[in-house]
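Some notes on the structure that comes next.
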């Protein structure tokens, strides 16, 4: 009986593993239809705006800005920025070690509430995404499923609703403003930016120009 239960559990785990791999591979090629967080917001009766746009069809300022804001070593790591993690631990920081790859995994497959269980699954899924997706795809998905204001997901909807422009018309400063509200768009505003957000946006814009010049953007701009 014990052997039967063990075999059943292993079979279930194997099936789940194969299913997850299949979904990750599928999402490598198709526009992401939605995310668990978007669905949860809908269940909370929050209006959700979302539409997909390919990376090559959006302003180059957008990927440059989010990388400058969230993960300057994006092109140089395999999903985990070990130096940033070490620095966060040494300085007792609650934020700063999570890469864009990790955030994609959290936003697309997991939940937002911090827990060791979520971190466990995140640690498993992040390398898998890095293996099966290109860096461009990871960034493309991130830019499309990130929330930029209450219920506004993705750079296309954010650009249209917050600036009245399509995402391919966004300037460097506008892109930096969008990046500056991450990861807390419900408490930070693009429309009415505080002095902190304005200062942060200028810093992000400068950082975006810097990573372009020193070739830290080669994995998604070539």
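The values are calculated or read from the model by the stated rules, or taken from the named source; none is laboratory data. Since this is a predicted model, take the numbers as computed values, not measurements. Backbone-built Cβ (ideal geometry, glycine too); neighbour counts: all protein chains shown.
What to note about this one:
- Test: residue in the range 56-78 that is within 17 Å of the chain's Cα centre (by Cα) and not assigned by TED's automatic domain parsing to the domain that holds residue 107: no
- Residue check, residue 60 in contact with a helix residue (DSSP H, G or I) (Cβ under 7 Å, 6 or more places away or on another chain), more than 15 Å from residue 136 (Cα to Cα) and at pLDDT 95 or above: no
- In the range 41-55, the residue that is farthest from the chain's Cα centre (by Cα) out of those that are part of a helix (DSSP H, G or I) and in contact (Cβ under 8 Å) with a residue 12 or more places away in the chain is 41.
- Residue 159 surrounded by 14 or more Cβ atoms within 10 Å (Cβ to Cβ), modelled with pLDDT under 95 and either more than 23 Å from residue 43 (Cα to Cα) or touching a helix residue (DSSP H, G or I) at 6+ places or on another chain (Cβ under 8 Å) (or both): no
- Exactly one residue among 171, 194, 115, 180 is surrounded by fewer than 21 Cβ atoms within 10 Å (Cβ to Cβ) and in contact (Cβ under 8 Å) with a residue 40 or more places away in the chain, and that residue is 171.
- Considering residues of the range 136-155 that are crowded, with 19+ Cβ neighbours inside 10 Å, out of contact with any strand residue (DSSP E or B) (no Cβ under 7 Å at 6 or more places or on another chain) and over 14 Å from residue 58 (Cβ atoms) only, the residue modelled with the highest pLDDT: 138
- Checking 87, 91, 73 one by one, the residue that is out of contact with any strand residue (DSSP E or B) (no Cβ under 9 Å at 6 or more places or on another chain), modelled with pLDDT under 90 and surrounded by 13 or more Cβ atoms within 10 Å (Cβ to Cβ) is 87 and no other.
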